[in-house]
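Student: This is the structure, below, for whatever I ask next.
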Amino acid sequence: MSTPTLIGVAALRGRYTARWIQFGEDPQVLVPLLRRIWTDTFSRDTDAMATALLARNWWSLAVNPKPRRWDQQPPVPGLGYPADNDTVRRGALREDVDGALEWLYLLHLDQRRLVAYEATVHGRWLRHSAHHLDPVEELFITEPADDDGGGGGPEMTVCTVCGAVDEIDRIEVPSMAGYGYDTATSCTRCGSSVATDPMFGDHVTRKPWPPHNPTTGDATGSAR
């Protein structure tokens, strides 16, 4: 069954330019795939990847697409199976969502970041998650809580600075930009945080860990 999806590039004030993927995927599948395409196919050149994605619509994306006898067009090496070269779609996050669409993925070129939105039952885009194309840049990551790593159990949120597990505070308020939300997510152990707003994206603050001990002098020496 197809999962109609849009993928494109974010612009100012919640606008975007995008292309259609007939067989898209949820972020758990598509984000790791896009990271591989970004690394393996485009050598971490975000602009080049965005240009290639916006060149046409897609049946599906793939790192190593193989020729298939039923495809009308040959696969694009390192990228996927093209559908056609129809008109580029331009829209806004505040617009009504086509009932057939399920996901929207927007690249923020200057930040090397990918933001995923899901279509709600109310016909609006709802921000689902944000992902750096280079996962090393992420402050908080989600991992399976079970030791065998099978992914079948509950998940835990881990701070990549101090290693704290599920010690995260999150605040979300309507954004002063007029759309979306401003969020502040922080680790209660080390104080590292991510502040996000719809216009400027993420601002990451990594605190020193272990924390620096203040210089108070040598109490033992002063007692002599």
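The values are calculated or read from the model by the stated rules, or taken from the named source; none is laboratory data. Computed from a predicted model, the values in this text were never measured in an experiment. Glycine also receives a Cβ, built like all others from the backbone with ideal geometry; neighbour counts cover every protein chain displayed. Areas reflect the complete protein model, heavy atoms only, side chains present, ligands, DNA and RNA absent. Shrake-Rupley method; radii C 1.70, N 1.55, O 1.52, S 1.80 Å.
Student: Give me the distance in nm between label points sitting 7 Å out from Cα along the Cα-to-Cβ direction at residue 205 and residue 122, one decimal.
Tutor: Modelled inter-label distance: 3.0 nm.
Student: Let me know the charge dipole size of the range 88-135 about its Cα centre in debye, to the nearest 20, where only the beta-carbon of Lys, Arg (+1) and Asp, Glu (-1) is charged.
Tutor: With Lys and Arg at +1 and Asp and Glu at -1, about 140 debye.
Student: At a probe size of 1.4 Å, how large is the accessible area of residue 203, to the nearest 10 Å²?
Tutor: Probe radius 1.4 Å; accessible area of residue 203 about 120 Å².
Student: Now a separate question. Taking the Cα centre as origin and putting +1 on Lys and Arg beta-carbons and -1 on Asp and Glu beta-carbons, what dipole magnitude results for the chain, to the nearest 20 debye?
Tutor: Computed about the Cα centre, the dipole is about 700 debye.
Student: Please state, rounded to one decimal and in Å, the Kirkwood hydrodynamic radius that the chain gives when every pair of distinct Cα atoms enters the mean of 1/r.
Tutor: The Cα-based Kirkwood calculation yields 19.7 Å.
Student: To check my understanding: the extent here is largest minus smallest coordinate of the Cα atoms along each principal axis. What are those three numbers for the range 33-121, in Å, largest first?
Tutor: Sorted from largest, the Cα extents of the range 33-121 read 38, 32, 21 Å.
Student: Which order do you get for 207, 66 if you rank them by accessible area with a 1.4 Å probe, largest at the top?
Tutor: Descending accessible area places them as 66, 207.
Student: In addition: Where the accessible area of the chain is counted over protein heavy atoms with a 1.4 Å probe, how much of it, in %, is carbon and sulfur?
Tutor: 51
Student: Over the chain, with the other protein chains present, what is the accessible area per residue in square angstrom, probe 1.4 angstrom?
Tutor: On the way: 13130 Å² over 224 residues.
On a per-residue basis, 59 Å².
Student: Mark the label point 7 Å from the Cα of residue 89 along Cα→Cβ and return the residues of the range 8-30 whose backbone N is within less than 16 Å of it.
Tutor: Zone members listed by number: 8-11, 15-27.
Student: Moving to a separate point now. Using the charge dipole of the range 15-76 (Lys, Arg: +1 at Cβ; Asp, Glu: -1 at Cβ; taken about the Cα centre), state which of 54, 74, 32 has its Cα farthest towards the positive end.
Tutor: 74
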